[in-house]
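Please treat every number below as a calculation from the coordinates, not as lab data. Just so it is clear, the structure is predicted and the values come from calculations on it, not from any experiment. Here the Cβ positions follow ideal geometry from the backbone for every residue, glycine too, while neighbour counts run over all protein chains shown.
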Amino acid sequence: MARFTPAERWIHRGTAALMTVCLVTAACLYYPPLSELVGRRRLVVTVHEWCGLALPVPVLLGLGSRAFRADLSRLNRFAPYDREWLRAVLRRSYRRPAGKFNAGQKLYASWTAGAVLVMMGTGLLMWFTHLAPLAWRTGATFVHDWLTLALAVVLFGHIRMALKDPEARLGLRTGSVDEGWAAREHPDWDPQRDAR
């Protein structure tokens, strides 16, 4: 059963690659043993800055894909079954209604999009020191550093959840998933309706 188009898969891969480079270079900039191991601080800073600026590019390019725009619309809306999914998670129930994306995926996508925008804003204030007074740049550095840590934790949670679900990974790798998996994990998803 088709789940993701090639464009959607490449958007995910591009975003994941840029995010990984940003996190690895950030670790090299802030963790002294890694800084000493890697050296070339100016190069690491440059790669970090440009990958950070490029983070929205896969999504912006993806807006040319009708399927991606439809998925953005799905991710942007909470349905009644999404609240039920969240309650089921809290109760540790296995009956978790979900459309193409479950409520956890929707929350993750929204949080990550917001975090990327804040990271870009604070990063620009740190990069272009003449844009703001020292107090703002100090605040930007504080927010950027702590949000990086939060983003790393959430990203590792995302990867951990993906590692538990080989069928979801297969869907992102090939674009297709097993019908039984779709019926079990996303019972309110109607691919025929999506195709119209």
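Would the range 15-87 count as rounded, prolate or oblate if I go by the C-alpha gyration tensor, calling it rounded below 1.5 in a/c and otherwise prolate when a/b exceeds b/c, oblate otherwise? Judged from the Cα gyration tensor, the range 15-87 comes out oblate (a/c at least 1.5, b/c at or above a/b). Our estimate of slack between Trp127 and Arg77, defined as 0.36 nm per intervening residue step minus the Cα-Cα distance, is 14.5 nm. Here the contact order of the chain, divided by its residue count and restricted to Cα pairs under 8 Å and six or more residues apart, works out to 28 percent. Along the charge dipole of the range 6-195, which of Ala109, Val44, Ala54 sits closest to the positive end, that is, farthest toward it, with unit charges on the beta carbon of Lys, Arg, Asp and Glu (+1, +1, -1, -1)? Result: Ala109, furthest along the dipole toward the positive end. A straight line joining the Cα centroids of the range 69-127 and the range 1-65 runs 20 Å. Each peptide among 135-148, 115-128 gets the average number of other Cβ atoms lying within 10 Å of its residues, and from highest to lowest they stand as 115-128, 135-148. Among Ala88, Ala168, Ala103, the largest mean-square fluctuation in a Gaussian network model of the chain (Cα springs under 10 Å) belongs to Ala88. Each stretch of four or more DSSP H residues adds -39500 (n - 2.57); spread over every residue of the chain, this sum gives -24500 deg cm²/dmol at 222 nm.
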